[in-house]
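**Q** Before we start, here is the structure in question, set down as structure tokens.
The values are calculated or read from the model by the stated rules, or taken from the named source; none is laboratory data. Keep in mind it's a predicted model, so treat the numbers as computed, not measured. Glycine also receives a Cβ, built like all others from the backbone with ideal geometry; neighbour counts cover every protein chain displayed. To get the accessible areas, we keep the full protein, side chains included, count just its heavy atoms, and leave off ligands, DNA and RNA. Shrake-Rupley method; radii C 1.70, N 1.55, O 1.52, S 1.80 Å.
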There are 2 protein chains.
Amino acid sequence: MELEKDSYSNHISHQFNEELEAIRTQMLTMGGIVERQVNDAIEALLTSDIELAEQARRIDKQTNEMELTIDEQCTTTIARRQPAASDLRLIISISRAVADLERIGDEASRIAQQAIEMSEGSRTQHGFQEVRHIGNLVRDMVKNVLTAFARNDLEMAYRVAKQDRNVDQEYRTAMRTLVTFMMEDVRSISNIMSVIWVLRSLERIGDHARNLSEHLIYQVSGTDVRHQSLQSMKKTVREETADDDGEEE
Amino acid sequence: MELEKDSYSNHISHQFNEELEAIRTQMLTMGGIVERQVNDAIEALLTSDIELAEQARRIDKQTNEMELTIDEQCTTTIARRQPAASDLRLIISISRAVADLERIGDEASRIAQQAIEMSEGSRTQHGFQEVRHIGNLVRDMVKNVLTAFARNDLEMAYRVAKQDRNVDQEYRTAMRTLVTFMMEDVRSISNIMSVIWVLRSLERIGDHARNLSEHLIYQVSGTDVRHQSLQSMKKTVREETADDDGEEE
């Protein structure tokens, strides 16, 4: 039954299908680990939970290794299977996605590091409200883009990219607030700088989540939407969704 | 003569060789543009040259497009030519390299943006010495890693990666100095924050230059040295260089 289905596709074999699916599953597994790492790092900072911060930092080694392993499988699969267009796109998209996931992990690790350093100095809550707020936005983005990948849901991917603009705005507002805090309370400058680095990491995680949504759109539609406006990304997604509904047929 | 040489390699044709060489040349051209962009952005900041800053910012659009074009050529070449191991590695390495070059361009663009914003406020020279110093280190890294790519020089690539550790140390020292400046001169906090973002961008450019050196080492040696210690990177490079000298034969 499944072999019959394969005869309609470009896949060389049922085995090749399984190979692609295995790579995809590993990428999603890595995504789950990184998502948890982001949640833990933010939580560790806000609750001064050193143990949780240490744990979030340790995960980094694991995600680094996963990046290398998945990337190697992508390369081996290309070399051995010589995939045609859409399968090649899937592999390239996953390879790009693991690079962004690894960088999200790096940023989470940096947040965890700041959580540890801040717990050593005098505690200030300056900017914590901003961290919580932007942290929640960014956590949502990471969660949603992974769901979009799991479901090949381009509309959802587009909404994640759109959300990034919101994060950028909130980030700029928060920066202005924190600079004001620094001027008003000179003794807290060091601590506020730590919060600034955390916000910067959160903003970067938002960027990588947007990148991930671009990789999925490329994978499914074949259009490379990097460096494009949201408007033109929307157009690509709408065209692709219309195709699915048979409207273009 | 050249066709004869090809018969010893895995290349399908002389034309394929030319295709690979063309992609490689474009990557190096993009590298040259980005290198100049970094130089201009730093110079614009240090000399308050708004015109130069605007120019450095405009280049960003061009490098974004080059990333997409080169990446598409990489994908098309893989799909059409189905390259074997070492050619595939060359293509993957170039694809990764253009991503890092594009990000270096982004950071240069951010530096240029800060140069423009700082020229509008009250001028402070706080941190300019640090920008000049770390800027010079980072410019050297970018220049050298591109030369390493042009010559397939792994020893040079390794020295660039090693240099990144130096940049990270200088960056941390500069950050401490700037936080002290902020405490001593509250009115300059906004301006010093701008300098901090510039230093951060420079530090990131150093990271990307290191990444580039890793891509070259992967391309030539077949060993993926990302997330490895300098020590183990050195080992890979030494083994590869020994191979070249026939010592291992």
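**Q** If you go through the range A:107-124 one residue at a time, do you hit one that is within 30 Å of A:G222 (Cα to Cα), in contact (Cβ under 8 Å) with a residue 12 or more places away in the chain and not hydrophobic (A, V, I, L, M, F, W, C)? Full working, then the answer.
**A** Quick first cut of the range A:107-124, residues within 30 Å of A:G222 (Cα to Cα) only: A:107.
Cutting the leftovers down to in contact (Cβ under 8 Å) with a residue 12 or more places away in the chain gives us A:107.
Imposing the further condition that a residue be not hydrophobic (A, V, I, L, M, F, W, C) reduces the set to A:107.
Yes - at least one qualifying residue is present in the range A:107-124.
**Q** Sticking with this structure for a sec: Filter the range A:51-65 down to the residues that are facing chain B (nearest Cβ under 10 Å) and closer than 20 Å to A:R204 by Cα, then identify the one that is surrounded by the fewest Cβ atoms within 10 Å (Cβ to Cβ).
**A** Selected residue: A:K61.
**Q** For A:H215, work out the one condition from (1) open to solvent by 50 Å² or more (accessible area, probe 1.4 Å); (2) under 15 Å from the mean Cα position of the chain (by Cα) it doesn't fulfil.
**A** Single failed check for A:H215: (1).
**Q** Which count do you get for residues in the range A:160-190 that are open to solvent by less than 20 Å² (accessible area, probe 1.4 Å) and closer than 24 Å to A:G32 by Cα?
**A** 4
**Q** Let me ask something else. When you scan the range B:193-202, do you find a residue that is away from chain A (no Cβ under 12 Å) and among the polar types (S, T, N, Q), even just one?
**A** No, that holds for no residue.
**Q** Considering A:A150, A:A157, which residue is of a type in the set (G, A, S), open to solvent by 10 Å² or more (accessible area, probe 1.4 Å), more than 26 Å from B:L178 (Cα to Cα) and in a helix (DSSP H, G or I)? Write out each step before concluding.
**A** Numbers: A:A157 fails: open to solvent by 10 Å² or more (accessible area, probe 1.4 Å).
A:A150 is the lone residue from the list that is of a type in the set (G, A, S), open to solvent by 10 Å² or more (accessible area, probe 1.4 Å), more than 26 Å from B:L178 (Cα to Cα) and in a helix (DSSP H, G or I).
**Q** Could you grab me the full set of residues in the range A:66-83 that are open to solvent by less than 50 Å² (accessible area, probe 1.4 Å) and either in contact with a Leu (Cβ under 6 Å, 6 or more places away or on another chain) or more than 10 Å from every other protein chain (Cβ to nearest Cβ) (or both)? So that I can check it myself, show each step before the final result.
**A** Of the range A:66-83, the ones open to solvent by less than 50 Å² (accessible area, probe 1.4 Å) are A:66-68, A:70-71, A:74-75, A:77-79, A:81, A:83.
Within the range A:66-83, A:M66, A:I70, A:T77, A:A79 meet the criteria.
**Q** May I pose another question? Just checking, does the range A:103-126 include any residue being touching a His at 6+ places or on another chain (Cβ under 7 Å), within 14 Å of chain B (Cβ to nearest Cβ) and not β-branched (V, I, T)?
**A** yes
**Q** Can you tell me how many residues within the range A:222-236 are more than 14 Å from chain B (Cβ to nearest Cβ) and either open to solvent by 40 Å² or more (accessible area, probe 1.4 Å) or in contact with an Asp or Glu (Cβ under 6 Å, 6 or more places away or on another chain) (or both)?
**A** Summing the residues that are more than 14 Å from chain B (Cβ to nearest Cβ) and either open to solvent by 40 Å² or more (accessible area, probe 1.4 Å) or in contact with an Asp or Glu (Cβ under 6 Å, 6 or more places away or on another chain) (or both) in the range A:222-236 gives 3.
**Q** Being touching a Lys or Arg at 6+ places or on another chain (Cβ under 7 Å) and modelled with pLDDT of 95 or more narrows it down to one of B:A174, B:A161, so name that one.
**A** Exactly one of B:A174, B:A161 is touching a Lys or Arg at 6+ places or on another chain (Cβ under 7 Å) and modelled with pLDDT of 95 or more, namely B:A161.
**Q** Return the total of residues in the range B:111-130 being in a helix (DSSP H, G or I) and surrounded by 19 or more Cβ atoms within 10 Å (Cβ to Cβ).
**A** Residues meeting the conditions: 7.
**Q** Follow-up question, since we're still on this one. In the range A:84-95, which residue that is at the interface with chain B (Cβ under 9 Å from one of its Cβ atoms) and modelled with pLDDT of 90 or more is least open to solvent (accessible area, probe 1.4 Å)?
**A** Ranking the candidates gives A:L88 first.
**Q** Okay, next question. Here is a list of conditions, (1) under 25 Å from B:L230 (Cβ atoms); (2) away from chain A (no Cβ under 14 Å); (3) open to solvent by less than 10 Å² (accessible area, probe 1.4 Å); (4) within 14 Å of the chain's Cα centre (by Cα), and B:D100 meets all of them except one; can you say which number that is?
**A** (2)
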